[in-house]
Amino acid sequence: MKKRYIKILSFILALLSFWTVASVDGLGYTYDHKGNVIYSTEGLTVNQTPYIYSDLGIDSVSKFSNPTDLFVYTHHETDEKILYLLDGGSQSKKVASTLFILNDQLQVQQEITHFVYNPANFDDETLLAIKSLGQKVVSSRESTDEIKTDTNGVCELDSGFNSLEELKSFDLVKLYLNEASAVYRSYKRNSLPYTDYLYICDKENNQVLVVDYETYDSNLGTFEIVQIITTPKEENVKFRPSKTIVDAAGRIYVIASDVGDGIMEFSADGSFNRYVGTNYTSLSAWDIFWRNFSTEEQLAGENLILQTSFTGMAYKNNMIYATSYAIRNGNTVTDDKNMIKKINPSGKDVLRRNGYTVPMGDYKYSRTRIKEDDAYGPSNLECITVNEYGAYTVVDSTRDRLFTYDNEGNLLYISGGTGTQVDKISSPKAIQYLGENLLVLDADKKVIIIFEPTDIAKVINKAVQCEYEGRADDEIINGEVVRGAAYYWEQVIELNANYEYAYIGIGKKYMNNKDYKNAMYYFELGFDTNYYGKAYKQYRDGIIKQYFAPVMITVIALIVGLSIYKRIRKKKLGIKDEEMTGIGDE
Amino acid sequence: MKKVWNKIAQFFKFVHEEMFRFPKYIIIHPLKGWEEFKRYGKGKMSVALAFVIIAIIVNIMKFQYSGFIVNDTSIKDMNSFGEIAYVVGAIVIITVANWSVTTLFDGKGNMKNIFMMICYCLFPYILCNIIGMILSNILTTDEIAIYNLVISLGVVLMVYMFFVGIISIHEYGLGQCLLTILFTIIAALIIIFVGILLFDLFQKVYGFGYQIYQEITLRDMF
């Protein structure tokens with residue numbers, strides 16, 4: 001008896017020790033099919049130390065003290081990756097922004113401190129509105145000395161010209177950026193002339209610069225500006241552009257700080273078109289009823305657009321992916337389901353939301369502050385980046401996490417975390433895909449963190465890519481087996497059996513092979529009632545077809561047999577027929 | 001041996017008569033049925049309790065045996081104590097609320113009658129849920145409206161039986177019956193509210209006592 005107790009006790013103790021050892025720190029989490037939080041595997045981890053200014057090749061720490069944006073450009077001809085890193089400088093200390101051009105090994109190749117422009121290329125209105133390092137280019141200056149030009153013919157002064165004529169008398173004038181916040185390069189190929197432009201949001205100069213990449217002059221060490229977009233006169237906004245995207249037709253989309261009406265769309269010639277991307281307020285029945293009693297002035301003052309503050313954009317395949325903050329009404333959150341948008345060229349949001357939960361960063365969060373210094377509220381999505389097969393990653397600055405979704409809106413994995421250690425994010429300003437890795441520009445620590453996919457994330461990425469290309473199962477092309485999504489999903493299951501989305505992929509393979517019973521089994525494991533219904537329908541049809549003939553024959557035989565039996569019984573009893581049909585119940 | 005066989009046959013006859021034919025009779029001939037229920041004592045307490053237990057079992061079985069198309073919860077989310085509490089709690093609260101309201105409105109029913117009436121109302125609910133359970137395993141997504149129809153039919157018949165039962169047992173007219181149902185709901189809400197208050201206060205008293213205990217034991221006073 002005692003021996004049995006000791007055995008049981010030691011077994012339980014062994015189990016407990018197993019349990020305590022297994023729950024280590026650093027476990028990732030994800031949201032299951034009902035939106036509950038469950039433990040899971042992390043998708044992206046940091047394997048190498050982040051790049052500080054010296055690793056990048058910048059010679060002084062003061063030149064990298066306020067990083068604002070990072071952009072990865074795939075060259076249109078050579079397919080090599082070029083990175084653009086923007087350091088905002090400082091407006092208060094009158095330090096201009098610097099643009100660093102890096103290669104794909106993250107080493108600085110060029111350092112651009114200023115741009116030049118030819119005043120003859122611009123009209124008078126624009127020239128009066130241009131600013132350099134916070135000062136208007138044309139304004140009165142104190143000294144009446146002669147302005148010198150340096151050896152390259154560039155004017156030594158950049159702002160404070162007495163008059164337009166004085167400005168126009170020079171061939172090339174410098175322009176210094178003031179807290180520039182975004183850089184974007186776009187090669188426009190769909191109409192002549194082909195253009196290769198660099199777009200820079202010069203936030204505190206209230207302008208967007210359009211720089212021609214082909215005008216690089218190694219003597220000057222910089223490029224020439226071909227177009228400057230200043231405050232649109234139709235809109236009564238303080239134009240502080242913070243992010244920019246250019247589509248294939250050359251239209252420029254700008255997110256301006258403190259503008260809640262949406263993303264500003266400018267045509268290629270610089271004139272303001274419209275606002276894009278906001279949702280309209282939906283009227284409830286009560287609102288429609290009440291509008292009958294409102295006066296004209298009340299109706300005019302009503303806000304029909306939900307004020308959305310956009311934060312980041314990415315451009316892929318003619319679609320603009322945009323992130324915004326949750327829409328709040330004072331302190332309460334009214335709409336947090338539309339924080340990620342995929343805007344098509346006509347301005348409509350066409351993001352696929354077919355996953356278990358809507359793509360919005362953290363699905364469950366505490367609405368009020370529970371402890372001091374605790375992050376609360378919905379995710380504040382800062383940036384978004386898209387890769388070749390439609391999967392996109394967003395970064396949340398509330399809890400400093402990275403959320404990766406696939407093309408259909410399924411949450412693939414959650415990575416990152418908050419903290420001051422080297423592998424944690426503290427103030428993300430830009431994220432970009434570099435191949436399979438993800439670069440995060442951290443403004444607090446002034447580093448570029450490189451996130452690499454874990455083993456399971458590599459397999460998940462391959463499976464998602466196969467699904468995007470439409471290969472649910474293995475195919476044989478030219479005699480070779482090309483693996484499909486199901487092959488990779490099975491590997492994902494081996495690594496993490498709780499990855500519910502993978503079961504649906506495996507189920508689709510069985511459905512393609514017309515093995516409906518197995519398909520139903522896997523769809524049930526993946527908690528997908530839609531596909532389960534389809535598989536069950538086919539399965540039931542198959543069973544009915546199989547058993548229809550025998551079952552019908554037996555049923556008809558039974559009916560015929562019963563009626564014959566009744567007839568024989570009636571005949572046999574014969575006279576007692578009347579008594580059989582006796583008086584019924586009341 | 002024959003005695004045992006007789007007893008079993010008698011039992012099945014009882015079940016058939018009481019638990020199927022009589023409730024069916026009540027549904028088809030409501031006023032007459034409830035009158036027989038009350039006046040001729042055809043309502044049996046054992047049957048009422050059996051209905052309650054079967055309703056609890058059917059609720060629990062719904063979690064596991066319903067087809068995947070209508071039920072995608074996992075079995076680990078089922079709380080059997082919760083299911084028992086929902087059914088028994090609902091019946092007890094409605095009974096007590098109804099009884100307390102009818103004493104104000106000069107109803108002729110007593111607590112036992114009201115309790116048995118409510119339990120007999122569970123009959124269509126149980127039957128339709130069992131049929132629905134079987135159907136949900138056979139139907140596809142396009143035909144799932146039939147399942148919804150069956151379940152709704154069960155609930156509608158249950159409410160209808162309850163309605164006519166109130167009229168018949170307390171001998172009310174139509175207007176008084178509607179008023180009684182409204183006040184029953186209000187009374188049930190008051191009971192629930194008082195219950196929640198009680199639980200909260202009990203928790204606070206317990207917490208207070210536990211804190212005192214902790215203070216005494218953890219401080220080095222003695």
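Data overview
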read-out	value
Residue that is surrounded by the fewest Cβ atoms within 10 Å (Cβ to Cβ) [pool: residues in segment B:93-141 that are more than 26 Å from B:S66 (Cα to Cα) and among the aromatic types (F, W, Y)]	B:F105
Strands (runs of 3 or more DSSP E) (entirely within segment A:24-87) containing at least 2 residues that are within 17 Å of A:Y197 (Cα to Cα) and either free of Cβ contacts under 8 Å to residues at least 24 places away in the same chain or away from chain B (no Cβ under 14 Å) (or both)	A:67-74, A:81-87
Criterion violated by A:N498 - all others in (1) in contact with a strand residue (DSSP E or B) (Cβ under 9 Å, 6 or more places away or on another chain); (2) free of Cβ contacts under 8 Å to residues at least 60 places away in the same chain; (3) within 14 Å of another protein chain (Cβ to nearest Cβ) satisfied	(2)
Any strands (runs of 3 or more DSSP E) falling wholly within segment A:228-268 and containing at least 1 residues that are surrounded by fewer than 22 Cβ atoms within 10 Å (Cβ to Cβ)	A:241-246, A:263-266
Out of B:E18, B:E35, sole residue that is in a helix (DSSP H, G or I) and either under 21 Å from B:G154 (Cα atoms) or touching a Lys or Arg at 6+ places or on another chain (Cβ under 7 Å) (or both)	B:E18
Positions within segment A:49-88 being among the aliphatic types (A, V, I, L, M) and within 28 Å of the chain's Cα centre (by Cα), in sequence order	A:I52, A:L56, A:L70, A:V72, A:I82, A:L83, A:L85, A:L86
Residue that is farthest from the chain's Cα centre (by Cα), among those in segment B:142-160 that are within 14 Å of chain A (Cβ to nearest Cβ) and surrounded by 16 or more Cβ atoms within 10 Å (Cβ to Cβ)	B:I144
Qualifying strands (runs of 3 or more DSSP E) (wholly inside segment A:378-457; at least 1 residues being farther than 19 Å from A:K341 by Cβ and charged (D, E, K, R))	A:401-405, A:428-434, A:437-442, A:447-453
Test: residue in segment A:89-110 that is within 32 Å of the chain's Cα centre (by Cα) and basic (K, R)	no
Condition met for A:G57 (closer than 21 Å to A:F223 by Cβ, surrounded by 13 or more Cβ atoms within 10 Å (Cβ to Cβ) and touching a helix residue (DSSP H, G or I) at 6+ places or on another chain (Cβ under 9 Å))	no
Residues being modelled with pLDDT under 90 and either in contact with a Phe, Trp or Tyr (Cβ under 6 Å, 6 or more places away or on another chain) or basic (K, R) (or both) - total across segment B:193-222	1
Number of the condition not met by A:D373 [criteria: (1) in contact (Cβ under 8 Å) with a residue 12 or more places away in the chain; (2) surrounded by fewer than 19 Cβ atoms within 10 Å (Cβ to Cβ)]	(1)
Scope segment B:48-86; condition part of a helix (DSSP H, G or I), touching a residue at least 60 places away in the same chain (Cβ under 8 Å) and over 13 Å from the mean Cα position of the chain (by Cα); matching residues	B:M61, B:K62, B:Y65
Segment B:169-222, residues that are of a type in the set (G, A, S) and closer than 30 Å to B:K42 by Cβ	B:G173, B:G175, B:A187, B:A188
Number of positions in segment A:335-370 that are among the hydrophobic types (A, V, I, L, M, F, W, C), surrounded by 12 or more Cβ atoms within 10 Å (Cβ to Cβ) and assigned to a loop (DSSP other than H, G, I, E, B)	4
Residues of segment A:526-547 that turn out to be more than 9 Å from every other protein chain (Cβ to nearest Cβ), crowded, with 17+ Cβ neighbours inside 10 Å and either over 20 Å from B:E143 (Cβ atoms) or of a type in the set (A, V, I, L, M) (or both), as a count	2
Condition check for A:L402: under 13 Å from A:T30 (Cβ atoms) and crowded, with 17+ Cβ neighbours inside 10 Å	yes
Meets criteria (more than 11 Å from chain B (Cβ to nearest Cβ), surrounded by fewer than 11 Cβ atoms within 10 Å (Cβ to Cβ) and assigned to a helix (DSSP H, G or I)) for A:I504	no
Residue check, A:K514 outside any helix (DSSP H, G or I), touching a helix residue (DSSP H, G or I) at 6+ places or on another chain (Cβ under 8 Å), away from chain B (no Cβ under 11 Å) and basic (K, R)	yes
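The values are calculated or read from the model by the stated rules, or taken from the named source; none is laboratory data. Remember, predicted model here, so these are calculated numbers, not experimental data. Ideal geometry is used to build each Cβ from the backbone, glycine not excepted, and the neighbour counts take in all protein chains shown.
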